[in-house]
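Notes for the one structure printed next.
Values in this text are rule-based calculations from the coordinates and carry no lab data. Everything numeric in this text was worked out from a predicted model, so none of it was measured. FYI the Cβ positions are ideal-geometry reconstructions off the backbone, even for glycines, and counts take in every protein chain you see.
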Amino acid sequence: MRIVFMGTPDYAVASLQALIAAGHEVAAVFTQPDKAKGRGGRVQEPPVKILAKESGIPVYQPRRIRLEGLETLSQIAPDLCVTAAFGQILSQELLDIPRLGTVNVHASLLPKYRGSSPVHWALIKGEEETGVTTMMTDAGIDTGDILLQAPTKIRPGETAGELTERLAVLGADLLIKTIDALSKGDCPREKQDEGSMSYYPLLNREMGRIDWQKPARDIVNLIHGLNPWPSAFSDSPWGQVKLHLAQEEGHHGAPGQILLASAKEGLVIAAGSGAVRIKSMQAPGRRAMAPEDFLRGHPLPAGTKRMNGEA
């Protein structure tokens, strides 16, 4: 089957690898333009582009595929397009080109968690289960017919980065099963139940600001749901710190009160209900580390009782 693949980040790499390994003809890859990242502003290629180049697959990087990619895709004339975290919305004109349509590998159990950050939001909202859906793409945002689904339990303490890696592998396997079924003409297809739909917005850095008035469980979910990006953070006696890993505890105190802070006992902060034990933190200009290691060289300033530094 002649396929055009559209994807950008690490999550999409597993699906492209699976297509190549299964012997499908990947005629071209569309991905986002290279971007400058990090403090040095070094231009980096998307992970999908790197794999495509290594595999000898032509790569196209339109800034707006609706305007710049239509003619190219028409000339390639694929049987099927596959998208996985591509990062651009396809117009109906583009969707009409592939003979069998466009299959998307979406990291949630649709119709729940439509949108661009389904893994993060499932963790933030405290879900116990998520999964991957292959769907036929239409002109809406994750509104097309469901083809196949693969559920998985969310592991205790799992972060968005870790869960995304698992779902990428699960999604790649599901994609190959979906294409095999489409080739045979016996792939199931079901319209989404709009009454069960949920959609959540793009993530931004400010979403990571911790409100210590909230229950400890919600705070822990936020910390794990925003790891590795954009990271949960809080003002503290040591400046604005990023919090990467945490667990809920049964201690009690005024929200934001520092209950424990030592190289021996670690760092525990009271929430609106319960408390949060920090397992990994990152102070300004430093690498992520266990609070015990950080506090060994940066003890809590005398008289400090709250995360904002107040006595």
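Other residues with beta-carbon under 11 Å from the beta-carbon of TRP212 carry, at +1 per Lys or Arg and -1 per Asp or Glu, a net charge of 0.
Calculate how many DSSP beta bridges within the range 205-297 are antiparallel, expressed in % of all such bridges and rounded to the nearest 5. Show your work: numbers first, answer last.
Working: 19 of 21 bridges.
About 90 percent, rounded to the nearest 5.
If Lys and Arg each add +1 and Asp and Glu each add -1, what is the summed charge of the other residues whose beta carbon sits under 10 Å from the beta carbon of ARG166? My count for the surroundings of ARG166 gives -2. The range 268-311 gives an Rg/Rh value of 0.97, both radii derived from C-alpha positions and Rh following Kirkwood. Cα centroids of the range 40-88 and the range 267-308: how far apart, whole angstrom? Cα centroid of the range 40-88 versus Cα centroid of the range 267-308: 43 Å apart. The amide H of GLN192, built 1.01 Å from its N in the peptide plane, has ILE146 as neighbours under 5 Å, considering only residues 5 or more places off or on other chains. DSSP beta bridges fully contained in the range 2-196 are about 50 percent antiparallel. Residues ILE278, ILE223, ranked from the fewest to the most other C-beta atoms within 10 Å, line up as ILE278, ILE223.
Taking the empirical scaling 2.2 N^0.38 Å for compact globular proteins as reference, the range 205-297 has a Cα radius of gyration ratio of 0.96.
Helical runs (DSSP H, four residues minimum) scored at -39500 (n - 2.57) apiece and divided by the length of the chain put the mean residue ellipticity at 222 nm at -7500 deg cm²/dmol. When the pairs LYS49/LYS177; LYS49/LYS184; LYS49/LYS242; LYS112/LYS153; LYS153/LYS191 are compared against a 21 Å limit on Cα-Cα distance, LYS49/LYS177; LYS49/LYS184; LYS49/LYS242; LYS153/LYS191 fall above it.
Exposure proxy for LEU100, LEU243: other Cβ atoms within 10 Å of each Cβ, ordered fewest to most, give LEU100, LEU243.
In percent, what relative contact order does the range 2-196 have, based on Cα pairs under 8 Å that are 6 or more apart in sequence? Relative CO of the range 2-196 lands at 21 percent. Distances between placed amide hydrogens fall under 5 Å for HIS251 paired with ALA275, all partners being 5 or more residues away or on another chain.
By the beta-carbon count within 10 Å of each Cβ, the least crowded to most crowded order of CYS81, CYS187, fewest first, is CYS187, CYS81. A cut-off under 13 angstrom between Cβ atoms defines the neighbours of PRO284, and their net charge, with Lys, Arg +1 and Asp, Glu -1, is +2. For the range 10-156, evaluate the Debye formula with one uniform point scatterer on each Cα (no solvent term) and list log10 I(q)/I(0) at q = 0.14 Å⁻¹, rounded to two decimals. Rounded to two decimals, the profile gives -0.74. For VAL103, nonlocal amide neighbours, meaning residues 5 or more places apart or on other chains whose placed amide H falls under 5 Å from its own, are CYS81, VAL82, THR83, THR137.
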